[in-house]
Amino acid sequence: MSEKEPTQIPTATASAQSQPQGDTVFSLLGGESRVRALVDRFYDLMDLEPRYQALRAVHGSDLGSARQKLFWFLCGWLGGPNHYIERFGHPRLRARHMPFKIGLTERDQWLACMDQAMAEVGVDGALRAKLNDAFFGTADWMRNTPG
């Protein structure tokens, strides 16, 4: 079975209509420093918030590698530098996540944690809504257990 590409995200938002065409979500977010802040807050919340316990349990004791890989992946997925692909090739997200139990609970906790991180780092509301839609499509596709 071939690997389906993750859901693509829009390159412009309603709140960014005055921006020149060709802006990427990566640039609308503020580039690498803002993607790093988002990823760092996401993993900090996963460690701090009891409501993300099932999600945290999937990640093992050290979040350092996952933190770096998500940063590299999101940079490219959002339209910025392809750090992840340059290091590892095609992301093969579903195949790379198959060893981990990902059910509805893990999906929903991942989405809630990312939404909270986006809110806390100040991602624009319209952009945040579009990202949440795109994240949902990818996170739902990643499920590999029914529960």
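What follows is calculated from the coordinates using simple rules that are stated; it is not laboratory data. Note that the structure is predicted; figures quoted are calculated from it, not measured. Neighbour counts are summed over all protein chains in view; Cβ atoms, including those assigned to glycine, are modelled from backbone coordinates with ideal geometry.
How far, in nm, would the chain grow between Asn132 and His97 when pulled straight, counting 0.36 nm per residue and subtracting the alpha carbon separation?
Length gained between Asn132 and His97: 10.6 nm.
With a sphere of radius 15 Å drawn around the Cβ of Trp110, what net charge do the other residues whose Cβ falls strictly inside it have (Lys, Arg +1; Asp, Glu -1)?
+2
Could you give the angle, 0 to 90 degrees to the nearest 10, between helix 64-77's Cα long axis and the longest principal axis of the Cα atoms of the chain?
40 degrees
For the chain, take the longest principal axis of its alpha carbons; what is the angle in degrees between that and the long axis of helix 104-120, to the nearest 10 within 0 to 90?
40 degrees
Taking the Cα centre of the chain as origin, work out the dipole magnitude from +1 charges on Lys and Arg Cβ and -1 charges on Asp and Glu Cβ, in debye rounded to 20.
380 debye
Can you divide the C-alpha Rg of the chain by 2.2 N^0.38 Å and report the result to two decimal places?
On the way: Rg = 14.9 Å, N = 147, 2.2 N^0.38 = 14.7 Å.
Scaled against compact globular proteins, the figure is 1.02.
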